[in-house]
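The values are calculated or read from the model by the stated rules, or taken from the named source; none is laboratory data. Only a predicted model underlies this, so the values are computations on that prediction, with no experimental measurement involved. All Cβ positions, even for glycine, are placed from backbone atoms using ideal geometry, and neighbour counts span all protein chains on display.
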């Protein structure tokens, strides 16, 4: 297997007032082709910063970043990104939002409409193709955002706490939708989350991080069999055994954070 | 949804349902108010409680309007003023939106120009009008210039603030989809500013009319502003008020026109913004 995402000794500094602090310190991370890797850590550990650097939305101050074999200098057109916050353009219908990536690539109208409608069908939003985002529920918006990312036919999918704002039920639906999608499409996924159970259910590997400066603490290989189901995976005999050490990595930080 | 100024119910000060009035009751109250106040004015003038020479009377004004229409003079004045207003509005809006965009894209330029923009915008247009007459002549040009100079700044500020307020998540999302800087401007920042721009256009159409009338006051031989100034000069209060009535009607018509056009561009907005 080939490395699709490679971070070597990556560091990032931020300024807060006159103070300069390290957000990321010496991050080494390799994600193989077709792998699903989650990065978990307490708030402020820099996990979103890692994703932004991979996406080319932010520059690393130190180290080397390569995605699909190229040094990252900007946004790679075969890399898609999804956000935690609502990020559909409110003045565009679902269909026109999903078409955005193809529109930016200069695809002709009929072709991008076909791709968009096909994807919208697949996630059960056909009845809402002409609806505006404010007319959708949180789960529907998420689905539209995911297919907007899929429309550009990405090789790498970077997801920043995509289901963080959803209720428990909807979240499980969305996790299953993602698992289903990955069965059909070959993609490499880097997934940021707060939710340790979610990380275990979805991932091949879970990376835990320390806080300020953000460093990689450990990596945990998730041996749950695939195909997985977000509901039944939690009932697997091994689930708790796999979750436990991740929990042990993160819990002391969260406790300090809460205190 | 980020806060934005243009909402459907912004077209009026308060909606009938908010005020707790049915549409029929509302219309009845409005007509009633008009009839009672005009009636009181007419009676006061006839009973000589007020000096009709200074305050005129509704019937005299109505009669004057009929005369002006029959002679075709009113149509001619309205045509001139409407044409000037339209040109002032369009030219000012195009320049203002364009300048607002450029400033939003160039923060350093904006920082340098900031006090100058504020100073120029602060100049009373009535004081600028004589200069415009010298530059653009006593014809249509100077009136259009006065009107456009007001519209320009309203649209400039509206566009600038709208674009600067663009939700950064939306910008990041579209950037991550592979947008160039130009595409971000056309597909995110400018559309995001549309509700601000529409609100700016709605405010400025009335100001275009004000600017044009100021221009007509200073130097003109035609137009409603000229007619009002001329009537005032001959102590013809009936003429002044007849001109004002027509100006008021024009202001309402222009506002309705722009509001209707604006709704086409903000149709995607939720009816209720929390």
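Listed here are the residues, each with its yes/no results for (1) assigned by TED's automatic domain parsing to the domain that holds residue B:228; (2) over 26 Å from the mean Cα position of the chain (by Cα); (3) modelled with pLDDT of 90 or more.
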{"position": "B:22", "(1), (2), (3)": "no, yes, no"}
{"position": "B:29", "(1), (2), (3)": "no, yes, yes"}
{"position": "B:33", "(1), (2), (3)": "no, no, yes"}
{"position": "B:36", "(1), (2), (3)": "no, yes, yes"}
{"position": "B:39", "(1), (2), (3)": "no, yes, yes"}
{"position": "B:59", "(1), (2), (3)": "yes, yes, yes"}
{"position": "B:64", "(1), (2), (3)": "yes, yes, yes"}
{"position": "B:70", "(1), (2), (3)": "yes, yes, yes"}
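Could you check, for region A:131-146, whether at least one of its residues is under 29 Å from residue A:49 (Cβ atoms), facing chain B (nearest Cβ under 10 Å), touching a residue at least 40 places away in the same chain (Cβ under 8 Å) and under 16 Å from the mean Cα position of the chain (by Cα)? Yes, region A:131-146 contains a residue that is under 29 Å from residue A:49 (Cβ atoms), facing chain B (nearest Cβ under 10 Å), touching a residue at least 40 places away in the same chain (Cβ under 8 Å) and under 16 Å from the mean Cα position of the chain (by Cα).
Among the residues of region A:180-194, those identified as touching a strand residue (DSSP E or B) at 6+ places or on another chain (Cβ under 8 Å) and either in a loop (DSSP other than H, G, I, E, B) or over 25 Å from residue A:2 (Cβ atoms) (or both) are A:187, A:193, A:194.
For region A:1-120, list the strands (runs of 3 or more DSSP E) that sit wholly inside it and hold at least 2 residues that are touching a strand residue (DSSP E or B) at 6+ places or on another chain (Cβ under 7 Å) and within 14 Å of chain B (Cβ to nearest Cβ); which are they?
Working: elements: A:3-16, A:19-32, A:36-40, A:62-67, A:79-82.
Result: A:79-82.
Here region A:153-163 is the region considered, the condition is being surrounded by fewer than 20 Cβ atoms within 10 Å (Cβ to Cβ) and touching a helix residue (DSSP H, G or I) at 6+ places or on another chain (Cβ under 9 Å), and the residue that is nearest to residue A:48 (Cα to Cα) is A:161. Could you grab the pairs with beta carbons closer than 7 Å, sequence gap of 6+ or different chains, first residue in region B:255-271 and over 11 Å from residue B:202 (Cα atoms) and within 14 Å of chain A (Cβ to nearest Cβ), second one in a loop (DSSP other than H, G, I, E, B) and at pLDDT below 75? That search, which allows pairs on different chains as well, returns B:266/B:6; B:269/B:7; B:270/B:1. Only one entry of B:190, B:184 meets the criterion of being free of Cβ contacts under 8 Å to residues at least 60 places away in the same chain, within 13 Å of residue B:105 (Cα to Cα), surrounded by fewer than 24 Cβ atoms within 10 Å (Cβ to Cβ) and within 14 Å of chain A (Cβ to nearest Cβ), and that entry is B:184.
Of all residues in region A:195-217, those being out of contact with any helix residue (DSSP H, G or I) (no Cβ under 6 Å at 6 or more places or on another chain), assigned to a loop (DSSP other than H, G, I, E, B) and surrounded by fewer than 21 Cβ atoms within 10 Å (Cβ to Cβ) number 6.
Summed over region B:40-68, the residues that are surrounded by 13 or more Cβ atoms within 10 Å (Cβ to Cβ) and in contact with a helix residue (DSSP H, G or I) (Cβ under 7 Å, 6 or more places away or on another chain) give a count of 15.
Criterion first (in the same structural domain as residue A:251 (by TED's automatic domain parsing), over 26 Å from residue A:62 (Cα atoms) and touching a strand residue (DSSP E or B) at 6+ places or on another chain (Cβ under 9 Å)) does residue A:177 satisfy it?
Values: in the same structural domain as residue A:251 (by TED's automatic domain parsing): yes; over 26 Å from residue A:62 (Cα atoms): yes; touching a strand residue (DSSP E or B) at 6+ places or on another chain (Cβ under 9 Å): no.
It is false that residue A:177 is in the same structural domain as residue A:251 (by TED's automatic domain parsing), over 26 Å from residue A:62 (Cα atoms) and touching a strand residue (DSSP E or B) at 6+ places or on another chain (Cβ under 9 Å).
Among the residues of region A:147-168, is any more than 14 Å from chain B (Cβ to nearest Cβ) and part of a helix (DSSP H, G or I)? Checking region A:147-168: at least one residue is more than 14 Å from chain B (Cβ to nearest Cβ) and part of a helix (DSSP H, G or I).
Of the set (1) crowded, with 20+ Cβ neighbours inside 10 Å; (2) over 20 Å from residue B:253 (Cα atoms); (3) modelled with pLDDT of 90 or more, all apply to residue B:223 but (2).
From the list B:106, B:129, the lone residue that is more than 16 Å from the chain's Cα centre (by Cα) and within 30 Å of residue A:88 (Cα to Cα) is B:106.
If you check every pair at least six apart or on different chains, which have Cβ atoms under 7 Å apart with a residue in region B:211-231 that is in the same structural domain as residue B:154 (by TED's automatic domain parsing) first and a residue that is surrounded by 24 or more Cβ atoms within 10 Å (Cβ to Cβ) and part of a loop (DSSP other than H, G, I, E, B) second? Within 7 Å, the pairs are B:216/B:223; B:226/B:220.
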